[in-house]
Amino acid sequence: MSLFNELKRRKVFRVAIGYVIAAWLVVQVADLVADNFLAPVWVMQMIITLLIAGLPISLILSWAFDLTADGIKRTENGEIEGSLTVSNKSILALVGGFGLIVAVVVIFYVAWPRDDRSIAVLPFEDISPGGDQAYFGNGIADELRLELQRLDGLRVAGRTSSIASAQEDSKTIGEILNVESILEGSIRKEGNRVRITVQLTHVADGFTIWSESYNRELENIFEMQEEIATSVAGALGVRLGVGAINAFRGAGTRNAEAYEAYLQAQNRNLTGRERMRLLERAIELDPNYAAAWSSLGGRTLSTSWDASPDQTSEILDRAYSLTLHGVELNPESAVAQSRLAMVRTARLDWIGGEQGLTRSIELLADRPIVATYANVLIRNGRTAHAQKQYAIAVALEPLGGRPVGLSWHASLAQGRFDEAKERRNWQRRFDIAEDNLDIAFNERDQEALKAAIQALSKTNVAAITLYAPVLAEFDSRERVLSILRDVYLDENLQWQRKLHDIAMVAAYFGDPQFALKVKDKEFRTNTVRLFTLWDPVMSEVRQLPEFKKLVTDLNLVEYWRAYGWADACKPVGDNDFTCM
C-alpha cells in the first residue's frame, strides 16, 4: 500500500480538512469577540498560535486512532509498497517534530520584540467654543505620552519632536520621527463636559488602526485616559507594564479640578506668580497631589535666581520642602526626583543632587531630564562630561529643536567659541546681548567686546551704570578698575547680574583677586551662574590660593573626590589639588 493510500485509509486528509475549516471558524468568532471587548492584539495571536500548534497534534491522533461505532480504537499498522512497515512511532516522531518546528516559529514571531512598535503622540487640537483650552489638550497628550512610555515593547517619540512635527502629514511625521503609528485627537470642553476624539493611524498607508470618541463629565477624565491607553496598547499588540494602567492617576490625582488647575499652571503665557497660585490651588484641592507639590517646588526654586541675598536661603528651604514632599508622595516619578535634585544642588548638596539625577534617569531617560543632569555637571566644572550628556539628550530626541540647556556655554568653557555662538544663536535666547558679552570677554577680542557693550539696550541698568563708563575709559586699566570698585560698593545700584558683570570685567582687565572676591560674594548666596567660574577668562582666578577655599566651602571638592574632578582641576596627593 502506498503512503498516500495509507494516509487516506487512516482518514488523515479528512481530519486535516475538517480541522482547517473548524479553525477558520474559531478565528472568525474570536476576532469578532476580541474586537468588541477591545482585547489586546496578543489575544488573537495566541489563539492562532494554539490552533496552528494543534494541527499536527490532530493529525497524529488521526493516524494513530480511529473513531468507530464501538468508540475510539487504535488503527492497525499497514504496509507501504516495497514491504516498508509504517510504524506509529516513526510517524509520531515525524509529524510531532514538524508540529514542534511550526509552533516554535510562530511563537518566536509573536513573542519576540519587534522594532516597528513605535508611536508619536501629537498635541490634541482644541476645538472648544472659546478656543482657550489648548493647555488642556496639551496636558492630555502629555499624560498619554508618559503612560505609553510605561508599556513594554513600545518606543514613544519625545514630546519636543512630536510637537515640532505636528503640522506635517502622517506619513511625513512617521519618516521624521521614525515611528510606526501616530496618536492624535481633538478636545472640546464646555463647562464641566469634555469630549475627546482620538485616532490611531498607521503611517505607512494612512490606515486608521483604531478610533474612538469619548463624551464625559470632567471628573471622568482619568477613566477616559485609562481607556485610551489600554486601547492603544491592545491595538499595537504591546503588553502593559507591571502596574502600568493601574498607576495611571492623571499626574497623581483623581480630583478633576486639581488636575485642571495643574494643567493650567503649565501654560507658559502666564506669569510665574500666576502659575504658582494655580499649583497652590491644585494642592489645596488634593493635598496628596505629588506632581503639583513637585512643580510648585520647581517654580519656587526659579524665584531664587533673581532674589536678594537675604531672601535666597529662605526660598531654597521652601523649595526643598515642597520638592521633597513631592518625592515622598511619588518616589517613582522621574520629574519629581530631578526637581528635588536641582534644589539639592542649589543648596550645595552636590552628592545628593548627583544621586537624585542618576535615579531620575533610571526611571525615565528622556531629553529634558538628561539635559538637566548636564546643566548640573557644567555648574560643578565637569564640562566634558556635561557635553557627553548634552549629546545623549539630543540623540534621545534628535528632532527636538534647539540645543538643550547650557550646551552653548559648555562649548564656551572649552574655548570652542564658534561652536558656542552657533549653539547660542540656534537657541534664540532672549538675553542674547548679555551672552554676546560673555563670549567676547572669553575671546579677549577688544573690538568684539566694545561692540557687545554698545549693543546693550540703552535702558539696561548695567549698560548705564557700569558698561558705559567702562567703555569710555576702556584704554585705561586703572580707571576701569576704579569704576568697578565704585559700582561694587554702591548699594543703591542693583541689577540681577551685577556681581557677575563686575567679576567678568575685573578678570578681563587683569585683576583676578578682585574678580574672585566678587564671585565669592555671588556664590555664597546664589550659584545659578556657577558655570561661569570655569570660563577661559577666569583661568587666573582659578590659580589663586583663595580659589581652593571657595570651591571647598561650596562642597565641590567633596563631590569631585566622589564622582570625578572638574576639568580645570586635578588632585595632588591625598589631601590637595590644583586648578588652572
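Whenever a residue of the stretch 158-171 is assigned by TED's automatic domain parsing to the domain that holds PRO123 and outside any helix (DSSP H, G or I), its partners that are small (Gly, Ala, Ser) and modelled with pLDDT under 75, lying with C-beta atoms within less than 6 angstrom and at least six residues away or across chains, give the pairs GLY158/GLY400. Restricted to the stretch 494-580, the set of helices (runs of 4 or more DSSP H) holding at least 2 residues that are within 30 Å of THR459 (Cβ to Cβ) comprises 498-508, 512-525. Any idea which residue in the stretch 264-286 is modelled with the highest pLDDT, counting only those that are surrounded by fewer than 23 Cβ atoms within 10 Å (Cβ to Cβ) and within 20 Å of LEU144 (Cα to Cα)? By that ranking, first place goes to GLN264.
Within the stretch 319-344, residues that are closer than 15 Å to LEU357 by Cα have Cβ atoms under 6 Å from residues that are of a type in the set (Lys, Arg) in these pairs: THR323/ARG339; GLN337/ARG359, counting only partners at least 6 apart in sequence or on another chain. Just to be sure before I move on: is GLU434 under 25 Å from ALA307 (Cα atoms) and crowded, with 17+ Cβ neighbours inside 10 Å in the structure I sent? When the stated conditions are applied, GLU434 passes them.
Of all residues in the stretch 136-164, those satisfying the criterion of being polar (S, T, N, Q) and surrounded by fewer than 22 Cβ atoms within 10 Å (Cβ to Cβ) are ASN138, GLN149, THR160. Counting the residues of the stretch 521-543 that are within 13 Å of ILE439 (Cα to Cα) and of a type in the set (A, V, I, L, M) gives 2. A single member of TYR390, TYR373, TYR289 is crowded, with 20+ Cβ neighbours inside 10 Å, at pLDDT 95 or above and of a type in the set (Ser, Thr, Tyr), and it is TYR373. Selection within the stretch 349-370: residues that are part of a helix (DSSP H, G or I), under 14 Å from the mean Cα position of the chain (by Cα) and not β-branched (Val, Ile, Thr). The member of this set that is surrounded by the fewest Cβ atoms within 10 Å (Cβ to Cβ) is GLU362.
Condition check ((1) in contact (Cβ under 8 Å) with a residue 24 or more places away in the chain; (2) surrounded by 17 or more Cβ atoms within 10 Å (Cβ to Cβ); (3) basic (Lys, Arg)) across all residues:
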{"site": "LEU406", "(1), (2), (3)": "yes, yes, no"}
{"site": "HIS409", "(1), (2), (3)": "yes, yes, no"}
{"site": "ASN425", "(1), (2), (3)": "no, no, no"}
{"site": "ASP438", "(1), (2), (3)": "yes, yes, no"}
{"site": "ASP445", "(1), (2), (3)": "no, no, no"}
{"site": "ALA452", "(1), (2), (3)": "no, yes, no"}
{"site": "THR459", "(1), (2), (3)": "no, no, no"}
{"site": "ALA472", "(1), (2), (3)": "no, no, no"}
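Considering (1) modelled with pLDDT of 90 or more; (2) within 24 Å of THR525 (Cβ to Cβ), the lone condition that ASN460 does not fulfil carries the number (1). When ALA235 is tested against the conditions (1) touching a Leu at 6+ places or on another chain (Cβ under 9 Å); (2) in a loop (DSSP other than H, G, I, E, B); (3) modelled with pLDDT under 80, the lone failure is (2).
If the condition is being surrounded by fewer than 20 Cβ atoms within 10 Å (Cβ to Cβ) and among the hydrophobic types (A, V, I, L, M, F, W, C), then the stretch 484-508 contributes VAL487, LEU489, LEU493, TRP495. Taken over the stretch 172-195, the criterion of being part of a helix (DSSP H, G or I) and of a type in the set (S, T, N, Q) is satisfied by THR172 alone.
Of all residues in the stretch 187-219, those being surrounded by 14 or more Cβ atoms within 10 Å (Cβ to Cβ), modelled with pLDDT of 80 or more, farther than 18 Å from LEU148 by Cβ and touching a helix residue (DSSP H, G or I) at 6+ places or on another chain (Cβ under 9 Å) number 4.
The values are calculated or read from the model by the stated rules, or taken from the named source; none is laboratory data. All values reported here derive from a predicted model rather than from experimental measurement. Methodologically, a virtual Cβ is constructed for each residue, glycine included, from the backbone with ideal geometry; neighbour enumeration extends over all protein chains shown.
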